[in-house]
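Please treat every number below as a calculation from the coordinates, not as lab data. Keep in mind it's a predicted model, so treat the numbers as computed, not measured. Here Cβ is always computed from backbone atoms with ideal geometry, including for glycine, and neighbour counts include all displayed protein chains.
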Amino acid sequence: MKIRLLVSDEHYDAIAAELIKKGIDIDDDAELILSEKNVTVTHLIARRGDEIYRLETKDISHIESFAHDIAAYCGGEEYRLSEPLRRLCEILDPKEFIRVSNSVIVSVSHIKSIRPALSQKFTLTMKNGAKVDVTRTYYYIFKEFLGI
Amino acid sequence: MGASKAGLIGVFVLLLIVVLTVAAAFMIYKAAYKRKINRRLAEGREAEIKPMMSPVKFVVITLLSALGALFLLWIILLAVFAADKQKMVHYPTLYTIDESLENSPLSRNEYGEIKGYRHYTKEYEKVLLDVYIQESFPGPFPSVMISVKSRESFDYGKMKAEVSFGNKNRTGILYGSREEEGGLLVLDNGGYKGDITFTCDLFYDKNAVTMEPDVSPDESCRLDLSIKEAGVVACPQLGITVE
């Protein structure tokens, strides 16, 4: 049995040792996840083609959902994630990442500029050149998040 | 029709000004808003920047405020001019209709019955007064028209007409003259309600100097008109009485 650990660094070793003792392997690629409450991850495991990558969350610009695929944009490249968007909202640092639509999470530190639209929307220009819309549903959440 | 069209155009222009002003204010606000949120983005969430209302909210509030201010201004102007109107005294005006109306019902010697007017006649020794009193006041046409026609075939020289009227504040005299046969004088009461005395002195000598006090007229006509509310006119000389 393989399990992925999403816990704080201080608890990681103890929990990992305990699981290994019981015959459970720790694998970042596993579908089963054991996560600690109120703990945010500092990295995500992603794929590009056949290769697996470890993405630092501080390098991720934004994460976008296309049907069943979740794409993370990092360093100008596109990677595939296995976690659903809703799950990512829970494990990513809420002070750094914010959901701006039903299909996009952005990293605030990677926003280059914000352009308000006539209706209750914003258009975000990311540092990598990508444009992301803050939809009406998330308009006030985003405003409150930024304090504008 | 012309007045209502002008009024509509005026309202349209006013609304256009309001819309353009709000649009300009919105463009300026949007630019300031964009600058502020990007400054917040750059300085971080902990920066001391007060939140601003969204541009849409700004437009709605500005538009409602502008319309409210316009409405308030309209009420004030209405009150001011209504008060002024009440203080205004309407004075009668006396003038002659000249030959430019030759082919119209108001041309001289072609009066008869004029639609919209009640026709009265008053005979004097040598002249005949045809008096036309408007059936409903106020209207765009003169309230009273008086035609002075000679009953004999002679050319009378001059005619001096006067209208005197009085109210609590003022009494005035108006003067008009014709030096040709016949003629139509028009008395426009201008909204004035009260007693108006019309006198017409005729000088059969064309050379008579009517302004000289010692020159007496050869014939005098007089009508005492009393204009009541709703334009009802009484005149004892014409046999018109109002209870």
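What do you get for the angle between helix A:9-21 and the principal long axis of chain A? Use alpha-carbon atoms, 0 to 90 degrees, nearest ten.
That works out to roughly 40 degrees.
Using the count of nearby Cβ atoms within 10 Å as a rough guide to exposure, how do A:ASP50, A:ASP13 rank from fewest to most? If you can, show how the numbers build up before the last one.
Values: A:ASP50 5, A:ASP13 10.
Taking fewest neighbouring Cβ atoms as first place, the list is A:ASP50, A:ASP13.
What ranking do B:VAL131, B:VAL22 get, fewest neighbouring Cβ atoms within 10 angstrom at the top? Intermediate results must be reported in sequence, preceding the final value.
Numbers: B:VAL131 23, B:VAL22 20.
Ascending number of Cβ neighbours within 10 Å: B:VAL22, B:VAL131.
State to the nearest 20 debye the size of the charge dipole of segment A:1-74 about its Cα centre, where the only charges are +1 on K and R beta carbons and -1 on D and E beta carbons.
So the dipole magnitude of segment A:1-74 works out to roughly 140 debye.
Give the cross-link partners of B:LYS228 among the lysines, using a straight C-alpha distance below 26 Å as the criterion and excluding same-chain residues fewer than 8 apart.
Straight-distance partners of B:LYS228: B:LYS85, B:LYS87, B:LYS115, B:LYS122, B:LYS168, B:LYS193.
Quick one: if you stick a label point 7 Å off each Cα along the C-beta vector at A:SER8 and B:VAL56, how many nm between them?
Using points 7 Å along Cα→Cβ, the separation is 4.1 nm.
For chain A, take the alpha-carbon Rg, divide it by the Kirkwood Rh, and send me Rg/Rh.
Values: Rg = 16.8 Å, Rh = 16.4 Å.
My calculation puts Rg/Rh at 1.02.
Evaluate the distance, in nm, between pseudo-label points positioned 7 Å from the Cα of B:TYR204 and of B:ALA31 along their respective Cα→Cβ axes.
8.6
At 7 Å along Cα-to-Cβ for each site, give me the label-to-label distance between B:LEU67 and A:LYS21 in nm.
7.4
Quick one: of the DSSP bridges fully inside chain A, what percent are antiparallel, nearest 5?
On the way: 35 of 40 bridges.
Antiparallel: roughly 90 percent of the beta bridges in chain A.
Along the charge dipole of segment A:9-148, which of A:VAL100, A:LEU55, A:ALA30 sits closest to the positive end, that is, farthest toward it, with unit charges on the beta carbon of Lys, Arg, Asp and Glu (+1, +1, -1, -1)?
Checked the options; the winner is A:VAL100.
Return the subset of A:LYS58/A:LYS127; A:LYS2/A:LYS58; B:LYS126/B:LYS149; B:LYS30/B:LYS50 for which the Cα-Cα distance in this structure is over 19 Å, preserving the input order. Before the final figure, lay out the partial values.
Numbers: A:LYS58/A:LYS127 13 Å; A:LYS2/A:LYS58 27 Å; B:LYS126/B:LYS149 9 Å; B:LYS30/B:LYS50 16 Å.
Going by Cα-Cα distance, A:LYS2/A:LYS58 fall outside the 19 Å limit.
Only Cα pairs under 8 Å and at least 6 apart count here; give the relative contact order of chain A as a rounded whole percent. Walk me through the numbers before you get to the answer.
Details: 253 pairs, mean separation 22.1, N = 148.
Relative contact order comes out at 15 percent.
Please get the size of the charge dipole for segment A:58-146, origin at its Cα centre, with Cβ charges of +1 on Lys and Arg and -1 on Asp and Glu, quoted in debye to the nearest 20.
On the way: 13 positive and 11 negative charges, 80 e Å.
Using only the charged Cβ atoms, the result is roughly 380 debye.
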